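Report on the following structure.
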Amino acid sequence: MSSRQIIVENLKKRYEGDFYAVNDVSFLVNAGEIFGFLGPNGAGKSTTVTMLTTLALPTSGKAHVGGYDIVHQAQQVRRIAGVALQDIGLDPVMKSMELLVTQGQLFGMSRMDAIKRAKELLELVRLSEFTDRPVGKYSGGMRRRLDLAMALVHKPEILFLDEPTTGLDPASRRDVWAEVRRLNVQEGMTIFLTTQYLEEADELADRIAIINAGKIAVEGQPAELKAALGAESINVTFGDNPTVEKARDALQSMVDRAQIDRKTLRLYLQNAAYAIPNVVNKLNELQLQPLSLTLTQPTLDDVFLQVTGQRFEEETEDEAPVEAVA
Amino acid sequence: MTAMTKPITQTTPSVSEKAKSMPLWKQITMMTWRNLVVIRRTPASVIPGLMISVFFLFIYEASLSGAATFFLAGQSYLAFILPVSIISASLSGSGLAGQYIVRDIENGYFDKLLLTPISRIALLSGPVFAGAFMLAVQTALILGVAMLMGLESATGFAGILAVLGFGLLLGTGFAGFGVSVALLTGSAAATSGASFAFFPLTFLTATFVPINLLEGWLKTAAEWNPITYVLQATRSILLEGWNWEYIGQGLIACAILGVIPFVISLWALRQRTSRK
Ligand SMILES: Nc1ncnc2c1ncn2[C@@H]1O[C@H](COP(=O)(O)OP(=O)(O)OP(=O)(O)O)[C@@H](O)[C@H]1O
Ligand SMILES: [Mg+2]
């Protein structure tokens with residue numbers, strides 16, 4: 001039994017030139033935890049996964065997976081880690097059974113055991129009926145599920161899933177979630193999961209880290225992070241940018257924090273509902289006409305907005321007209 | 001953020017985790033088998049090779065047998081030209097192994113295999129052996145057609161098998177070049193290009209007439225070209241009998257053409273699988 005922990009210290013990965021895809025990242029994943037690794041496109045999620053799973057070498061820094069050094073004990077890391085990469089690597093002309101049995105045998109199972117395990121896993125990912133079809137003819141979701149099964153063949157202690165639900169329909173996504181939870185609870189697997197979906201991290205992860213431009217922006221429990229935002233927010237949308245700014249200048253002093261997101265002003269404060277009349281009065285006084293006014297509970301999306309100054313769904317390159325005012 | 005204040009303590013993994021793994025020979029067999037299964041499901045990759053070698057045999061035989069046989073002292077031109085056909089099949093067929101590797105690199109399965117405890121040697125020899133098997137099929141087909149066309153061998157059926165052996169040896173040794181290019185570039189275009197790079201070798205030699213009838217620079221090129229000695233060995237087997245001196249020279253030529261690519265391919269494998 002390995003320690004089932006992932007310990008990452010000052011990990012860096014430099015690509016051509018002076019570009020650091022991962023820039024001094026440190027975090028700890030406890031044994032038996034589901035850890036969500038969140039970030040926008042190009043943040044460095046996959047680069048981190050390829051280093052931790054021994055496909056790439058870090059430029060500097062240290063990491064231990066299950067107690068094994070990813071640089072010097074790569075073979076041991078491969079034994080205890082199961083990996084489903086973002087780019088699914090399955091030979092399209094092979095069939096699910098062949099792939100799973102080959103995988104099992106390479107991990108030292110006898111052919112009979114490998115076949116038994118393959119059947120079990122196909123059942124688990126609901127692909128038992130599709131063993132005759134070459135995987136190249138599978139749908140995207142079926143291929144993802146098979147890839148998950150491939151990662152589980154050798155009963156890993158630590159599972160790395162790089163965007164396991166990207167491209168899945170909502171039903172399949174919930175299946176994967178259920179399976180991830182089951183593996184975590186019943187088999188005690190430590191799970192490191194990257195995702196673009198905040199709701200996924202919110203749903204599954206015991207703890208999350210948000211990575212942005214190669215650096216960890218924030219780390220903690222989802223609830224804790226949301227709470228740190230100061231509970232709820234009042235969102236007031238206006239017709240144009242100057243009006244938003246005017247409203248912010250007027251209302252800033254009344255709330256804990258005001259933030260502009262496009263033409264919406266977000267006002268963060270405790271007991272937001274009680275503050276609505278005051279906000280409305282102030283706007284009336286200044287003759288600023290809002291288009292809409294809503295009240296929301298904080299989401300991880302807000303956490304993300306706060307730590308990166310960006311809305312989550314947007315590409316990093318997008319110039320989002322967002323401006324944080326503390 | 002995220003100050004890493006916690007002390008880095010970890011339980012050292014127990015030694016009992018000493019993992020089992022598959023014996024090397026089994027890994028090699030399994031990887032070879034896998035590649036053969038892939039070939040069977042994508043026959044388009046080998047059929048052109050098969051067709052072309054048989055086609056050349058027909059053309060050479062039909063167009064040259066009447067004209068240029070004065071040096072043959074009554075022996076058949078078919079037996080004289082057959083080794084050319086076999087050698088060119090070997091050289092073009094030697095690219096197969098590289099193509100199988102590129103395929104796996106492109107579809108990502110290569111990385112998936114790298115994440116298992118697979119031996120690097122099995123990773124390399126699976127495609128090479130599958131390529132060799134295809135080469136044997138291809139060579140046997142050419143020999144079969146030649147026999148239907150009336151091939152007579154001075155050393156009988158054993159000689160025909162020996163010629164097949166030469167074809168295999170040459171093609172398998174040479175496969176190292178395609179494999180190296182595949183591993184270094186990961187590019188299908190570069191890999192199929194590489195197997196053509198040595199195509200001229202089959203012409204800068206005693207292709208259509210014996211070497212003593214060549215002149216000038218072509219003769220010099222032929223003398224330096226290892227293929228010449230493979231041709232000489234296989235021709236002597238089919239036309240004259242067991243000439244051990246020629247056969248020895250032919251084997252040395254195969255070794256030269258095989259060992260160098262093999263060494264390069266081991267280095268290329270290291271390049272590909274060493275983490276960056
Ligand atoms: N082999 C490479 N050579 C050069 N740059 C690379 C390489 N791999 C990744 N990068 C760059 O590193 C950065 C991080 O990429 P990475 O794939 O880790 O992002 P990601 O967080 O996984 O994004 P996504 O959500 O799109 O999968 C990107 O800018 C990418 O272009
Ligand atoms: Mg990625």
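The values are calculated or read from the model by the stated rules, or taken from the named source; none is laboratory data. Owing to the predicted nature of the structure, the values given are computational and were not obtained by experimental measurement. Neighbour counts are summed over all protein chains in view; Cβ atoms, including those assigned to glycine, are modelled from backbone coordinates with ideal geometry. Heads up: the accessible areas ignore ligands, DNA and RNA and are worked out on the full protein's heavy atoms, side chains in. Shrake-Rupley method; radii C 1.70, N 1.55, O 1.52, S 1.80 Å.
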- Peptides ranked, highest mean first, by Cβ atoms within 10 Å: ranges A:167-175, A:21-29: A:21-29, A:167-175
- Residue-averaged [θ]222 nm for chain A, counting only DSSP H segments that reach four residues, each worth -39500 (n - 2.57): -11000 deg cm²/dmol
- Computed over the Cα atoms, what is the radius of gyration of the protein assembly as shown divided by 2.2 N^0.38 Å, N being its residue count? 1.31
- Per residue, how much space in cubic angstrom lies within the convex hull of the C-alpha atoms of segment A:225-293? 74
- Note on the structure: From the Cα centre of segment B:79-146 to that of segment B:37-53, the distance in Å is 11
- Whole-percent pair-distance distribution, where bins are 5 Å wide, for the alpha carbons of segment B:88-169: 3, 13, 20, 18, 13, 10, 8, 7, 4, 3, 1
- For segment A:6-221, just run the numbers: alpha carbon Rg, then divide by 2.2 N^0.38 Å, N being how many residues it has. 1.00
- Task: May I ask for the angle, rounded to the nearest 10°, between helix A:140-152 and the longest principal axis of chain A, with both axes built from Cα atoms and the value confined to 0 to 90°?
- Result: 60
- Task: Please tell me which of these pairs span more than 28 angstrom C-alpha to C-alpha: A:K137/B:K276; A:K226/A:K263; A:K137/B:K20; A:K155/A:K226?
- Result: A:K137/B:K276; A:K137/B:K20; A:K155/A:K226
- So if R0 is 60 Å, what FRET efficiency would A:S292 and A:N30 give, r being the distance between their Cβ atoms, rounded to the nearest 0.05? 0.90
- Message: So, R0 is 60 Å and r is the distance between the beta-carbons of B:L213 and B:S274; what FRET efficiency does that work out to, to 0.05?
- Response: 0.75
- Taking chain A as a Gaussian network, where each spring joins two C-alpha atoms under 10 Å apart, which residue of A:Q306, A:Q289, A:Q221 fluctuates the most? A:Q289
- Query: Among A:A227, A:A205, A:A273, which one shows the biggest mean-square fluctuation in a GNM of chain A, springs joining Cα atoms closer than 10 Å?
  - Reply: A:A273
- Query: Taking only protein heavy atoms and a 1.4 Å probe, what accessible area per residue, in Å², does the protein assembly as shown have with all protein chains in place?
  - Reply: 44
- For A:R207, the residues 5 or more places away or on another chain with a placed amide H closer than 5 Å to its own amide H are A:I34, A:G36
- Message: Not counting ligands, DNA or RNA, and with a 1.4 Å probe, what is B:F157's accessible surface area in Å² rounded to the nearest 10?
- Response: 130
- What do you reckon, how do A:E123, A:E129 stack up by accessible area (1.4 Å probe), largest on top? A:E129, A:E123
- Under 14 Å from the Cβ of A:L286, count the other residues' Cβ atoms, weight Lys and Arg +1, Asp and Glu -1, and hand me the total. 0
- Task: Whenever you get a sec, line up B:K112, B:K276, A:K282 from highest to lowest accessible area (probe 1.4 Å, protein heavy atoms).
- Result: B:K276, A:K282, B:K112
- Query: What does the accessible area of A:K62 come to, in Å² to the nearest 10, when a probe of 1.4 Å is used?
  - Reply: 110
- Per residue Cα convex hull volume in Å³ - calculated over segment B:165-250: 106
- Note on the structure: If each K or R counts +1 and each D or E counts -1, the residues other than A:I115 whose Cβ falls under 14 Å of its Cβ total +1
- Message: Give me the inter-chain shielding for A:23-30: mean count of other chain Cβ atoms within 10 Å, whole number please.
- Response: 1
- Message: Give me, ordered by chain and number, the residues 5 or more places off A:G39 or on other chains with an amide H under 5 Å from its own placed amide H.
- Response: A:T195, A:I211
- Task: Using only Cα atoms, locate the centre of segment B:189-248 and the centre of segment A:231-287, then give the distance between them in Å, rounded to an integer.
- Result: 86
- HN-Hα couplings for segment B:105-115 via Karplus (6.51, -1.76, 1.60; θ = phi - 60°), in whole Hz with x for Gly/Pro, come out as 5, 5, 7, x, 5, 4, 5, 4, 5, 4, 7
- Item | Residue-level accessible surface for A:I115, protein heavy atoms, 1.4 Å, Å² | 40
- Query: Label A:E9 and B:A154 with points 7 Å out from Cα along Cα→Cβ: what is the distance between them in nm?
  - Reply: 7.5
- Message: Order B:238-244, B:78-84 from most to least packed using the mean count of other Cβ atoms within 10 Å.
- Response: B:78-84, B:238-244
